[in-house]
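Taking it in order: structure first as structure tokens, then the write-up.
The values are calculated or read from the model by the stated rules, or taken from the named source; none is laboratory data. Please read these numbers as outputs of a predicted model, since none were measured by experiment. FYI the Cβ positions are ideal-geometry reconstructions off the backbone, even for glycines, and counts take in every protein chain you see. Surface areas here come from the heavy atoms of the whole protein model, side chains and all, with no ligands, DNA or RNA. Shrake-Rupley method; radii C 1.70, N 1.55, O 1.52, S 1.80 Å.
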Amino acid sequence: YTEEERKKDWKALLKKQVLTSTGTIQQIDARSKPGHKLLDHHMPHFYDVKNYKGVSVKSLMTQIGMEKALYQNLKMHSTPYASELRRMLTMTGGLAQVTKYGAATTKAIVQHFKAKRVLDPCTGWGGRMLGTLAAAEDTFYVGCEPDPNTAKGLMDILNDPAVPTIDSARADIYENPAEDALSTLKTLPPFDLVLTSPPYFNLEMYTAGEQSTTKWTTWDEWVTHWLKPTILGTLACLKSDGTSCWSVKNFKTNKVYPLADVTKQIHKEAGWTLVKTITMTGSARPGGNRFLEKEETYIDDAGVQQTRTIKQESRH
């Protein structure tokens, strides 16, 4: 994208209205993606991400694969744009789209909870970073990203000359896994909000950096040694009235993995109460088997607020 396109993209995110007049979160349309041209521009390795079978969009970019995608595209469209061909590659190759967490969704959550300090143990493609910085002029974001290619992309976004109003001093990126950074994160001033979307065990495999699933290769090991310690570790970084917000869903690759159920159970056992569920449609992760169509963000408030009524399945 050109410098002018990236500049307009950032301004669109800043102007995006995400809350109602009463401060509740508006319905988020996953097709509206202000800020994502910035992400796409600075993350050229996005299409290298593999599913659990080792297939990526990049690996499908062969002559045979492209001809198949083009033929399928022309049956549906008269203009084979690059974006349409990429989408057709995922469809004809049995992939789902690799997910980018919405910057607008992040902005809505940060504004709704009036959060100023946001912790993200699994930064990913940068949507939560952008959304946090766009939510207000005094928000501060801390994220962990072990993939060196993605970490570089995040820093390039923060220093993009097309968006000089992004203040890089309001974001800290730790270039190591969350479990290694937690000891340092706990010494920082406490956070208002944990907002993240963790890796989905073996659903998305990245090309560089240390991944939790290369350390713990079975589901039980991964939950015991990575997911649970990371959740509990980030909870310890929150203020006493802080909010923990995890975007997860149950999913299936070669078997069913109850990620959403386990995430909620870990919070419950730690004394936290589920107060809101935000459902996002229109996005899916790779794997070719859409066990669940919806990706949900579960929001928990600290145990000191357990006298509040649990609002199960409150959808926005």
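Side notes on the structure shown:
- In region 54-62 there is no residue matching the filter, namely being closer than 18 Å to A104 by Cα, open to solvent by 70 Å² or more (accessible area, probe 1.4 Å), over 16 Å from the mean Cα position of the chain (by Cα) and touching a residue at least 12 places away in the same chain (Cβ under 8 Å).
- Checking each residue in region 80-124 for being within 26 Å of K53 (Cα to Cα), without any contact (Cβ under 8 Å) to a residue 12 or more places away in the chain and touching a helix residue (DSSP H, G or I) at 6+ places or on another chain (Cβ under 6 Å) picks out only E84.
- The residue that is farthest from M43 (Cα to Cα), among those in region 146-165 that are open to solvent by 10 Å² or more (accessible area, probe 1.4 Å) and touching a residue at least 60 places away in the same chain (Cβ under 8 Å), is T165.
- The one condition in (1) modelled with pLDDT of 95 or more; (2) under 14 Å from the mean Cα position of the chain (by Cα); (3) open to solvent by 10 Å² or more (accessible area, probe 1.4 Å) that D120 fails to fulfil: (3)
- Residue in region 195-216 that is under 18 Å from the mean Cα position of the chain (by Cα), modelled with pLDDT of 90 or more and either open to solvent by 10 Å² or more (accessible area, probe 1.4 Å) or more than 30 Å from R6 (Cα to Cα) (or both) present: yes
- Residue that is nearest to W219 (Cα to Cα) [pool: residues in region 251-261 that are open to solvent by less than 30 Å² (accessible area, probe 1.4 Å) and not hydroxyl-bearing (S, T, Y)]: L259
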